[in-house]
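This report refers to the structure that appears directly beneath it.
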Amino acid sequence: MQDSKEQIAQLSPVLVGLMGSGKSSIGRRLAKHLNVPLIDLDEYIVEKDGRSIPDIFEQEGEAFFRQLETEALREVLGKTAVIATGGGAVMSEENRQLLKDHPPVIWLKASPNFLAKRIDGDSNRPLIAGGDTLQKIKDLADIRYPLYEECADYTLPRGDMKKPEALNSIIVFLTRWKA
């Protein structure tokens, strides 16, 4: 069993999905299971830049943040780790190509209603600040779902799936992917 975990860990799985889909929380569980670090791309950017994501957006704008995101993605892809991208990482053609070149990419797909309930009022998410969270999530989903699908080697439909069940589904996929 340990050999299998180590072989799966060498795959360096990447999690993508909209904000609130569980990339960080499920990523932590997966990293723990595989005994590798979790690299949360948003946290990596904050640590490297020294500012919060809302501060980067406010002071420099989204385009600048996306440049930081591409640089960070280039730096971390291929490391022995579980990588949780930010929800907008797929907005860049370069990032989508990087993701396709470093499989497996796992899309944590969740409905806008599920996501809006999880993240409503979260002040660390500048793209949904102020206004109707559900509508903003629906708008992001319309744009990003086709991009996630383009990059994904596996789509995990979250629905009401609990985190342990999601983790198990990912492990089953990775085991088959490795084979």
For residues in the range 31-44 being over 13 Å from the mean Cα position of the chain (by Cα) and crowded, with 20+ Cβ neighbours inside 10 Å, which is farthest from residue 82 (Cα to Cα)? 34
How many residues, within the range 35-72, are small (Gly, Ala, Ser) and either touching a residue at least 24 places away in the same chain (Cβ under 8 Å) or in a helix (DSSP H, G or I) (or both)? 3
Among the candidates 109, 32, single out the residue that is free of Cβ contacts under 8 Å to residues at least 40 places away in the same chain and either under 18 Å from residue 150 (Cβ atoms) or of a type in the set (D, E, K, R) (or both). 32
Name the residue, out of 127, 108, 115, 98, that is surrounded by 13 or more Cβ atoms within 10 Å (Cβ to Cβ), modelled with pLDDT of 95 or more, farther than 18 Å from residue 48 by Cβ and not polar (S, T, N, Q). 108
Please work out if residue 99 is farther than 30 Å from residue 10 by Cα, under 14 Å from the mean Cα position of the chain (by Cα) and assigned to a helix (DSSP H, G or I). no
For residue 56, are the conditions met, namely being at pLDDT below 95 and either within 27 Å of residue 137 (Cβ to Cβ) or touching an Asp or Glu at 6+ places or on another chain (Cβ under 8 Å) (or both)? yes
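The values are calculated or read from the model by the stated rules, or taken from the named source; none is laboratory data. These numbers were taken from a predicted model, which means no experiment stands behind them. In this analysis, Cβ positions are derived from the backbone assuming ideal geometry, glycine residues included, and neighbour counts consider all displayed protein chains.
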